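Below is one structure, written out as structure tokens; comments come after it.
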Amino acid sequence: MKQFSNRYMLLYSLALVAVSAVVLSVTAVTLKPREDLNRQIEQQQMILKTIGLDCAKSETPQAYERHIAEAEHNGKTYYRYDCDERQGIILPLHGTGLWGPIWGYLALDGNGKVVGAVFDHKGETPGLGGEIATDKFAQRFVGKSMGEHPIYLTKNADKDNPYQVDAISGGTMTSNGVTQMLEEGYDDYKKIREDATR
């Protein structure tokens, strides 16, 4: 059996690492446009879902272009929707849960009533804070209002109160994060509405 010197083994290892690094870099650069496109389509699907359009990946760009218009207010992007004779705006929401970022979109009609919502997270606990990503949680917001006050999460919410939504059982920190991002979203919505009436 042939014996290799330490110098040979070191040079071989360095060459192997260098080749692997080049291959990984080329792969990352090559796949980045596809990753960016997938991320964009995923975002578009979330936005469309707030107005009741659950589109396949191949149909999403066309549906988004047909029903959604991007707008800007004070350097922040929000969205206007026009679908089946319904018009309104979609607020993007960003916050922090127990284990990392949480985000969502809230579709409002012309009176500030919620017509749809969708939320997601990066690393909340499944069955607890992770419940914000479920349709069941999002449905709690439909019919609620951002007209005069922000919506907030609370235990044993009054179903007749247009500003209260049931908090997540066992997910206090995530619920607080959702409430905080709803408050910030309400501030943005109030400014958009005020400027629209001037």
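All of the numbers you see were taken from the coordinates with simple rules; none came from a lab. Quick caveat: nothing in here was measured; it's all calculated off a predicted structure. Glycine also receives a Cβ, built like all others from the backbone with ideal geometry; neighbour counts cover every protein chain displayed.
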Two pseudo-spin positions, 7 Å from Cα along C-beta at residue 38 and at residue 80, lie apart in nanometres by 3.4
Looking at 125, 189, 50, which one has the Cα that reaches farthest to the positive end of the dipole of region 49-196 (charges on Cβ: Lys, Arg +1; Asp, Glu -1)? 125
Using a 10 angstrom cutoff on alpha carbons, build the Gaussian network for the chain and name the most mobile of 21, 63, 133. 21
Using a Gaussian network model of the chain whose springs link C-alpha atoms within less than 10 Å, name the residue from 140, 80, 66 with the highest mean-square fluctuation. 66
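If we count other beta carbons within 10 Å of each Cβ, what is the order of 7, 193, fewest first?
7, 193
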What residue among 62, 164, 139 has the largest mean-square fluctuation in a Gaussian network model of the chain, using Cα springs under 10 Å? 62
Any chance you could give the angle, 0 to 90 degrees and rounded to 10, that helix 6-49 forms with the longest Cα principal axis of the chain? 20
Taking only Cα atoms of region 1-157, radius of gyration then Dmax in Å: 23.2, 82
Computed curve, region 115-198, Cα-only Debye sum without solvent term, log₁₀ I(q)/I(0) at 0.10, 0.14, 0.21 Å⁻¹, is -0.25, -0.48, -0.99
Long-range HN-HN contacts of residue 78 with modeled amide H, under 5 Å: 71, 72, 73
Would you mind checking the pairs 57/159; 76/113; 76/155; 49/122; 155/191; 122/191 and listing those with alpha carbons more than 27 angstrom apart? 57/159; 76/155; 155/191; 122/191
Would you please give the residues with an amide H less than 5 Å from that of residue 98, counting only those at least 5 places away or on a separate chain, with H modeled from the backbone geometry? 174
Can you list the HN-Hα couplings for region 129-141, worked out from phi with the Karplus curve (6.51, -1.76, 1.60; θ = phi - 60°), rounded to whole Hz and with x for Gly and Pro? x, x, 4, 4, 7, 8, 5, 4, 5, 4, 5, 4, 8
For region 184-195, what does the Karplus curve 6.51 cos²θ - 1.76 cosθ + 1.60, with θ = phi - 60°, yield as ³J(HN,Hα) per residue in whole Hz, taken in order and with x for Gly and Pro? 5, x, 5, 4, 5, 4, 4, 5, 4, 5, 4, 5
Hey, can you grab everything whose amide H is under 5 Å from the amide H of residue 113? Only 5+ residues off in sequence or another chain; H modelled, so Pro and N-termini drop out. 146
Run lengths n ≥ 4 of DSSP H only: what is the helix-derived mean residue ellipticity at 222 nm for the chain, with -39500 (n - 2.57) per run over all residues, to the nearest 500? -14500 deg cm²/dmol
Taking the beta-carbon count within 10 Å as an exposure proxy, list 144, 76 from fewest neighbours to most. 76, 144
Mind checking which aspartates and glutamates have their Cα closer than 12 Å to the Cα of residue 144? Skip sequence neighbours fewer than 8 apart in that chain. 109, 158, 160, 166
³J(HN,Hα) computed for each position of region 121-128 - Karplus, 6.51 cos²θ - 1.76 cosθ + 1.60, integer Hz, glycine/proline x: 8, 8, x, 6, 6, x, x, 10
